[in-house]
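The values are calculated or read from the model by the stated rules, or taken from the named source; none is laboratory data. The structure presented is a predicted model; accordingly, all values stated were derived computationally and were not measured. Methodologically, a virtual Cβ is constructed for each residue, glycine included, from the backbone with ideal geometry; neighbour enumeration extends over all protein chains shown. The accessibility values were calculated without ligands, DNA or RNA, using every heavy atom of the protein model including side chains. Shrake-Rupley method; radii C 1.70, N 1.55, O 1.52, S 1.80 Å.
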Amino acid sequence: QQQVKQSPQSLIVQKGGISIINCAYENTAFDYFPWYQQFPGKGPALLIAIRPDVSEKKEGRFTISFNKSAKQFSLHIMDSQPGDSATYFCAAIQGGSEKLVFGKGTKLTVNP
Amino acid sequence: GAVVSQHPSWVICKSGTSVKIECRSLDFQATTMFWYRQFPKQSLMLMATSNEGSKATYEQGVEKDKFLINHASLTLSTLTVTSAHPEDSSFYICSASRSDTQYFGPGTRLTVL
């Protein structure tokens, strides 16, 4: 049973465009939602994270939008750059647990 | 801050030998560390949760006698793959937990010949 569903599996965007990756969850006990960026052959790096008490969080070109009632959250990458080409994972943590539940990942390609 | 290192970054070994991978939190103390395995083009699969000073908790289907985990200090956890076989070849990644957030190491590529 996949607890965090991520889409799309792959995404191709032109330089300067907006990349949007969506995630949905069922477990209402999740209370922390991080996004990780992973380059080939490297470990995941924390990009940005949000808690359910806010609907949006922005850090530079990266924004998380959170819809608690719909149990959905998304990552928006503004002004996408070729250097943003990587695999992005959404994740969730249940309150009281330290275990991350990962989505299956989205491979983003930003064409120059 | 929140830097996690792994050593070695890659290792090639013969079938039947054991390999030890170290995971260190460089600038913070981590009561809990995690070990993951990642197959090509797939998500991370949690293998075990490592708590300092106690036995690791393994996920269902992970052989604890094959993947030995030791968390001897607040900054070091080790994963030993015993009697490695070609099917153990994979990308192994550790993470260390601080304030609800997991910080990942750079990974170790294990190839068993």
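Of all residues in region B:60-76, which are within 14 Å of chain A (Cβ to nearest Cβ) and either farther than 22 Å from B:Arg24 by Cα or at pLDDT 95 or above (or both)?
B:Gln60, B:Val62
If we keep just the residues of region B:15-52 that are closer than 27 Å to B:Leu113 by Cβ and aromatic (Phe, Trp, Tyr), which is farthest from the chain's Cα centre (by Cα)?
B:Phe39
Just to verify a result, which residue in region B:84-96, among those that are within 14 Å of another protein chain (Cβ to nearest Cβ) and surrounded by fewer than 22 Cβ atoms within 10 Å (Cβ to Cβ), is farthest from the chain's Cα centre (by Cα)?
As a first pass, look at region B:84-96 and keep what is within 14 Å of another protein chain (Cβ to nearest Cβ): B:90-96.
Then drop every residue that is not surrounded by fewer than 22 Cβ atoms within 10 Å (Cβ to Cβ), which leaves B:90-91.
On the way: B:Ser90: 11, B:Phe91: 10 Å.
My answer is B:Ser90.
Only one of these is open to solvent by less than 20 Å² (accessible area, probe 1.4 Å), over 18 Å from A:Leu100 (Cβ atoms), touching a His at 6+ places or on another chain (Cβ under 8 Å) and among the hydrophobic types (A, V, I, L, M, F, W, C): B:Val19, B:Val81, B:Val112. Name it.
It is B:Val112.
Scan A:Ser55, A:Ser65 and give me the residue that is open to solvent by less than 50 Å² (accessible area, probe 1.4 Å) and away from chain B (no Cβ under 13 Å).
Numbers: A:Ser55 fails: open to solvent by less than 50 Å² (accessible area, probe 1.4 Å).
Only one candidate qualifies: A:Ser65.
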